[in-house]
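Colleague: Before I ask anything, let me first share the structure, which is written out below as C-alpha cells.
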Amino acid sequence: MVLQMRIGELSRRSGLPRDTLRFYERHGLIASRPGPEATNSYRDYPDDMLITLEQIGDAQAAGISIAQLATLLGQLGAADPETFDGVAFLQERIEEVEARIGRANRFLDSLRQAKQALATPSGQP
C-alpha cells in the first residue's frame, strides 16, 4: 500500500516550502493526484515523493536547472522506445555532470591554493 500525504505534510517532511512544491509540479518534476474526497480540491502525493525531491535537490546542486530537469524528464517520459536511445541520452547527461564536477574540483583546488598562500607568511615558501 502506497501512503499518501497532502502538500503540507510533504512540505514539512521535505523541508521545502509549499510554493516550491507547487513550482516543481507546474514544471512536471513531481505529480499529485486528487484526494479521495470528491467534495474538496486537496491533492495527494505518494510517500516516495520524498526520494524524488531529494534527487531534484541533488541535480540542482550538481548545476542542473529546473528547465533542464523538466526537459530530461519530459524526454524520458515521452520517448518512443523504438527511436529514442535512452542509454545514449543518459550517458550525455552523465558526461555533462562529470564535466561540471571536474570544473568544480579545479576551482576548489584554486581556492585551497589561495587560502594556503594567504596563510603562509610573506617571503617564506
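The values are calculated or read from the model by the stated rules, or taken from the named source; none is laboratory data. Please read these numbers as outputs of a predicted model, since none were measured by experiment. Heads up, the Cβs are rebuilt from the backbone with ideal geometry, glycines too, and the neighbour counts pull from every protein chain shown. Ligands, DNA and RNA are excluded from the accessible area calculation, which covers all protein heavy atoms including side chains. Shrake-Rupley method; radii C 1.70, N 1.55, O 1.52, S 1.80 Å.
Colleague: Has region 91-109 got any residue that is among the hydrophobic types (A, V, I, L, M, F, W, C), in contact with a helix residue (DSSP H, G or I) (Cβ under 9 Å, 6 or more places away or on another chain), surrounded by 12 or more Cβ atoms within 10 Å (Cβ to Cβ) and outside any helix (DSSP H, G or I)?
Modeller: Among the residues of region 91-109, not one is among the hydrophobic types (A, V, I, L, M, F, W, C), in contact with a helix residue (DSSP H, G or I) (Cβ under 9 Å, 6 or more places away or on another chain), surrounded by 12 or more Cβ atoms within 10 Å (Cβ to Cβ) and outside any helix (DSSP H, G or I), which makes the answer no.
Colleague: Moving to a separate point now. Of the conditions (1) in contact with a Pro (Cβ under 7 Å, 6 or more places away or on another chain); (2) open to solvent by less than 60 Å² (accessible area, probe 1.4 Å), M5 clears all except one; give me its number.
Modeller: Failed condition: (1).
Colleague: Based on what the data block shows, is D109 free of Cβ contacts under 8 Å to residues at least 40 places away in the same chain, under 27 Å from the mean Cα position of the chain (by Cα) and more than 26 Å from A61 (Cβ to Cβ)?
Modeller: No: the conditions fail for D109.
Colleague: Counting only residues that are open to solvent by 90 Å² or more (accessible area, probe 1.4 Å), more than 23 Å from T71 (Cβ to Cβ) and either touching a residue at least 24 places away in the same chain (Cβ under 8 Å) or part of a helix (DSSP H, G or I) (or both), how many does region 11-54 have?
Modeller: 5
Colleague: Yes or no: T71 hydroxyl-bearing (S, T, Y), over 12 Å from the mean Cα position of the chain (by Cα) and exposed (fewer than 11 other Cβ atoms within 10 Å of the Cβ)?
Modeller: no
Colleague: Kindly provide the set of residues from region 55-76 that are assigned to a helix (DSSP H, G or I) and free of Cβ contacts under 8 Å to residues at least 24 places away in the same chain, ordered by number.
Modeller: Hits for region 55-76 are Q55, G57, D58, A59, Q60, A61, Q68, T71, L72, Q75, L76.
Colleague: Could you figure out which of (1) in contact with a Gly (Cβ under 6 Å, 6 or more places away or on another chain); (2) open to solvent by 90 Å² or more (accessible area, probe 1.4 Å); (3) not polar (S, T, N, Q) isn't true of E82?
Modeller: All conditions are met except number (1).
Colleague: Ok, one more. Could you check region 17-47 and list, in sequence order, the residues that are closer than 16 Å to G77 by Cβ and aromatic (F, W, Y)?
Modeller: Correct list: Y24 only.
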